[in-house]
1. Test of understanding: extend the Cα→C-beta vector of E54 to 7 Å, then name every residue of region 1-29 with backbone N under 17 Å from that spot.
2. Using only the Cα atoms of region 1-71, build the gyration tensor, take square roots of its eigenvalues as a ≥ b ≥ c, and label the shape rounded, prolate or oblate: rounded if a/c is under 1.5, else prolate if a/b is larger than b/c, else oblate.
3. Relative contact order for the chain: what is it in percent, counting Cα pairs under 8 Å that are at least 6 residues apart?
4. What does a probe at V16 reach in region 49-86, counting residues whose amide N is under 20 Å from the point 7 Å along Cα→Cβ?
5. Students often get this wrong: which residues of region 77-94 have the backbone nitrogen under 15 Å from the point 7 angstrom along Cα-to-C-beta of A132?
6. Filter the GluC sites (Glu not before Pro) in region 14-77 to those in DSSP coil with at most 15 other Cβ atoms within 10 Å of their Cβ, and list the result.
7. Count the net charge of all other residues whose Cβ sits under 9 Å from the Cβ of M26, scoring Lys and Arg as +1 and Asp and Glu as -1.
8. Just the number, please: Stokes-Einstein D of the chain in µm²/s, Kirkwood Rh from C-alpha pairs, 25 °C, 0.890 mPa s.
Amino acid sequence: MPQIELHAIKKKYGAVTVVEDLNLSMADNEFTVLVGPSGCGKSTILRMIAGLEELTAGEILIDDKPVSHLEPKDRDIAMVFQDYALYPHMNVARNMSFALRLAHYPKAKIDARVKAVADMLGIETLLSRKPAQLSGGQRQRVAMGRALVRDASTFLFDEPLSNLDAKLRTQMRAELALMRRRLEKNMIYVTHDQVEAMTLGDRIVVLKGGDIQQQGTAEALFKTPVNKFVAGFLGSPPMNFIDGSLTEADGQLSVTGEAFSFPLPEATRERLNGRSSRAVIVGIRPSAFSIKADEADGVGIELPVVLPEYIGSQSIIVSRLGGQQIQIEVSSDTPLRPDDHLTFTLDPSSIYLFDPQTEATL
Ligand SMILES: Nc1ncnc2c1ncn2[C@@H]1O[C@H](COP(=O)(O)OP(=O)(O)O)[C@@H](O)[C@H]1O
Ligand SMILES: [Mg+2]
């Protein structure tokens, strides 16, 4: 039984339509991540669920009951905002207990909940400090704690880690993932960061322009993206896209472009039955190239090292294929010199094809 259901929801600001016709069901105790580029409507959707923004059309159901007529406080939802603001004159304990005190919870119950959540977030020693005496990461935890002390059935997070530096973001991401295992709650988490989405979500919903492109597990979206947008959005460095066309000779389907031709697996030929000799966009992930030139594993191709980028455990080679700049990921112990040419092996089953008009996966 879905716990939260968005049914044909629409949101317009004046003449501007942000969300056209969105349908989404979130199962009980699911961690759903809405991910998409800035401006695609993530915060708007979250705010509509919380009741902070009215729907232009459609309905939101919680446990099968419409909630549009309910005030935010009556929706059993707690939200962590992107630009959280702690009360500067209150210490951590009082910041965290604010909503419970407003709701006239008994003091013993408030103290117990604040302590339990503070323990979980690792801020139990900071309870008497004021926000100005905290680091950015500690403040972020307090903001999180302020929502988590509430006894809500659903928690909404709007890019809660985006104000943190990269190292702290990675650390908090892991802590959130651990916390999630201890909390049996619905969580809807919004981010523009694909790594956050992939590491945290039971289910990831990829949005573009207020529309759902695809939803599923991280692995499903990474391995079988339905279109070029999803393929390019998940994965770092992103998938390379190169113009090509399908050609068939002696029963062998190939994808060919400027200075390359890759034979495609039989399964691809069967899937594309009758679609030969037409333009396609070729998608190849940077990690799909292998430098061990064992052609038994695939097709060999010589590519230039335009620019080697050493980033620690891997190196990224900026190269050129089919007249376009591409990125190739190799182990960092590979000796690389600009203007060298290296022979790579490419497994034909790792080649994605997209329709140039619709951008759908072929
Ligand atoms: N109050 C508003 N009035 C007019 N346009 C708005 C308002 N709030 C958001 N928008 C527009 O709606 C779109 C989606 O915004 P938002 O939901 O904040 O995106 P995201 O959170 O994905 O970055 C943006 O184009 C934004 O400019
Ligand atoms: Mg936003």
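Derivation of every value follows stated rules applied to the coordinates shown; laboratory data play no part. Keep in mind that this is a model prediction, so the values were computed, not measured. When we count neighbours, we look across all protein chains shown, and the Cβ atoms used for this are built from the backbone with ideal geometry, even at glycine.
1. 9-19
2. Numbers: a/c = 1.96, a/b = 1.29, b/c = 1.51.
In terms of gyration-tensor shape, oblate.
3. Taking the mean separation of contacting Cα pairs over the length of the chain, I get 15 percent.
4. Backbone N within reach: 49, 52-57, 82-83.
5. Of the residues in region 77-94, 86-92 have backbone N under 15 Å from the label point off A132.
6. E54
7. Details: positive: R203; negative: E5, D28, E30.
That sum, taken over residues with Cβ under 9 Å, equals -2.
8. Once the numbers are plugged in, D ends up at 106 µm²/s.
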